[in-house]
Every structure is written in C-alpha cells, then in structure tokens.
Amino acid sequence: MHEMTRLAAPHIRPKGDSQNAIYLGYYFNLGFAVELYLKAYIRNATGEDVSVHGHKLDKLLKVAILNGFNFQKQAMTRIVEIIGSEHQTYKYRYAEGAEKFNYIEQIDLVEAALTSCESGMAHLSIQVST
C-alpha cells in the first residue's frame, strides 16, 4: 500500500485543479498503508489482536501512541485527522461523493510519515500461520 502511494503521488494535482481518478487510488492506498503500519506497530508492542480496531485510524493511532509510537507523530496525526473518517466508511473504495473528499495539502509530509514507519519498523518479521 505504501509503495502504491509512492507511485501515485506525482500525479496528484494541487487542490482546486482538475484531478483524475488516480486521486481515489492514492487516498485508498494511503489509508490502508497508515492502517497497516499502525496495526503492525500495535501488534508488535502489545501482542493484541489488532482486528478489533477495524478500519478506525483515529483509534489505532491513539492506541499506538499510548504504546510509544513516535514515527513522525505530528504528520501521522494530521493524516489521520484528514482521511480517517473517509477511510473508515470506505468512501475511497466506492468513490461516493468523490468531488467532496478532504485533501492533504502538504503531500510531501505523507511520504515522510510513511517512510518513518517503514524504517522504524523494518525489524518486524512476517509470521504466517499454516
């Protein structure tokens, strides 16, 4: 999901400009990249079943911060404030009201926040049950 935001980012136009459909893909992937980074962090820090949080980015961020999350915390908080409710209700997935979505004006901060998570959690290993 993070890599998909990297691929789409150069095609996101400034707020107010005509925007092609890649906008929805960017925000869809961004929401899930944030969600998965936060869930990975929480799972590693607490061992808890993170599925109980669903797609609630605000709740995930709160739990992560309570457990020491500090990867570009201000930028991540702002991202969650902007896209959290629309991510939770699947608006990016189904494009309902596509012309009315919130917009992240400092898009360069997105990559900084996601890369901070990627680097800070690089030590986590994937464990698969068979």
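For segment 36-57, the count of residues that are surrounded by fewer than 16 Cβ atoms within 10 Å (Cβ to Cβ), touching a residue at least 60 places away in the same chain (Cβ under 8 Å) and more than 24 Å from residue 7 (Cα to Cα) is at least one.
Figure legend. Inter-residue proximity from segment 67-80: first residues farther than 17 Å from residue 42 by Cβ and of a type in the set (D, E, K, R), second residues part of a helix (DSSP H, G or I) and modelled with pLDDT under 95, beta-carbon distance below 8 Å, spacing 6+ or different chains. Indicated pairs: 78/109. Taking the listed residues 105, 81, 111, the one that is modelled with pLDDT under 90 and not aliphatic (A, V, I, L, M) is 105, with no other qualifying. Among the residues of segment 9-24, those that are within 19 Å of residue 95 (Cβ to Cβ) and surrounded by fewer than 18 Cβ atoms within 10 Å (Cβ to Cβ) comprise 11, 13, 15, 17, 18, 20, 21, 22.
The values are calculated or read from the model by the stated rules, or taken from the named source; none is laboratory data. These figures come from a predicted structure and were not determined experimentally. So basically every Cβ, Gly included, is an ideal-geometry build from the backbone, and we count neighbours across all protein chains shown.
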